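The values are calculated or read from the model by the stated rules, or taken from the named source; none is laboratory data. This is a predicted model, so every value here is computed, not measured. Virtual Cβ from ideal backbone geometry, glycine too; neighbours counted across all protein chains shown.
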Amino acid sequence: MLVSRLNLFWGLKWHAVPEHFSTQTNVDRVDILIGCVDSRAARKAIAQKVTGRRSDTSYWLDLGNHATGGQFVLGQPWNWRNKRSASRLRTVAELFPELVEPSSDNDGLPSCSAVEALQKQEPFVNPTLANHALALLARLFRHGSISYHGAFVNVAGSRVQPLAADPVVWRALQRRGRRRVI
């Protein structure tokens with residue numbers, strides 16, 4: 001549905017490939033990989049597929065949620081297409097390595113796809129995240145640049161905290177992560 005809307009609006013001829021992602025999934029010739037996963041292990045598998053010399057994925061849009069909100073992060077995986085540079089958008093795996101650490105998957109929280117999660121999750125978390133992420137992509141496509149590349153959304157508190165596309169912010173996040181691990 002997302003690709004159909006983009007095609008209609010901008011006169012494109014893109015093709016969506018909605019499928020269950022696994023380590024065997026071929027992401028060759030994928031311009032934008034949109035991941036909506038419910039485990040750190042799945043997010044790590046995506047990160048490994050889109051990063052490195054063999055990948056040519058331009059963008060990875062990651063969406064994740066919890067009971068009252070979630071985050072979306074658009075990044076340019078470090079690969080042969082997206083060379084190392086100060087302005088390359090960092091991926092969710094680079095900014096928040098804890099989100100790709102499979103040993104943390106057993107945190108006691110229900111999967112976002114489980115019936116139990118639907119009873120514990122605030123209504124409209126998933127569509128709210130999806131609409132914010134779509135708006136981000138629309139700004140990128142329409143204007144060719146963006147000032148932020150993700151956000152943290154809290155529907156219970158009616159808050160959206162953007163993630164600036166700024167190397168200074170990225171370094172601060174990395175320092176925060178190192179302090180937490182130690």
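Here are some notes:
- Residue under evaluation SER87, criteria (1) surrounded by 12 or more Cβ atoms within 10 Å (Cβ to Cβ); (2) in a loop (DSSP other than H, G, I, E, B), criterion not met: (1)
- Leading residue by the ranking (surrounded by the most Cβ atoms within 10 Å (Cβ to Cβ)) among those in region 143-182 that are among the charged types (D, E, K, R) and either modelled with pLDDT under 90 or more than 19 Å from the chain's Cα centre (by Cα) (or both): ARG176
- Some residue of region 100-119 being outside any loop (DSSP other than H, G, I, E, B), at pLDDT 85 or above and either of a type in the set (Ser, Thr, Tyr) or surrounded by fewer than 16 Cβ atoms within 10 Å (Cβ to Cβ) (or both): yes
- Within region 8-29, being under 25 Å from SER104 (Cα atoms) and in contact (Cβ under 8 Å) with a residue 40 or more places away in the chain holds for no residue.
- Complete set of residues in region 24-33 that are polar (S, T, N, Q) and surrounded by 11 or more Cβ atoms within 10 Å (Cβ to Cβ): THR25
- Residue among GLY52, GLY75, GLY69 that alone is under 11 Å from the mean Cα position of the chain (by Cα) and in contact (Cβ under 8 Å) with a residue 24 or more places away in the chain: GLY75
- Matching residues in region 6-29 - criterion: being under 20 Å from the mean Cα position of the chain (by Cα) and part of a helix (DSSP H, G or I): LEU6
- Residue match in region 125-132 (condition: among the hydroxyl-bearing types (Ser, Thr, Tyr), modelled with pLDDT of 90 or more, surrounded by fewer than 12 Cβ atoms within 10 Å (Cβ to Cβ) and under 22 Å from VAL3 (Cα atoms)): no
- Criterion: among the basic types (Lys, Arg), farther than 20 Å from GLN161 by Cα, modelled with pLDDT of 90 or more and crowded, with 20+ Cβ neighbours inside 10 Å - qualifying residue of LYS49, LYS44: LYS49
- Positions within region 52-78 being farther than 18 Å from GLY150 by Cβ and surrounded by fewer than 17 Cβ atoms within 10 Å (Cβ to Cβ), in sequence order: GLY52, ARG53, ARG54, ASP56, ALA67
- Against the conditions (1) touching a Ser or Thr at 6+ places or on another chain (Cβ under 7 Å); (2) farther than 16 Å from PHE96 by Cα, ALA165 satisfies every one except (2).
- Pairs where the first residue, in region 30-43, is in a helix (DSSP H, G or I) and the second is of a type in the set (Ser, Thr, Tyr), C-beta under 6 Å, 6+ apart: ARG40/SER104
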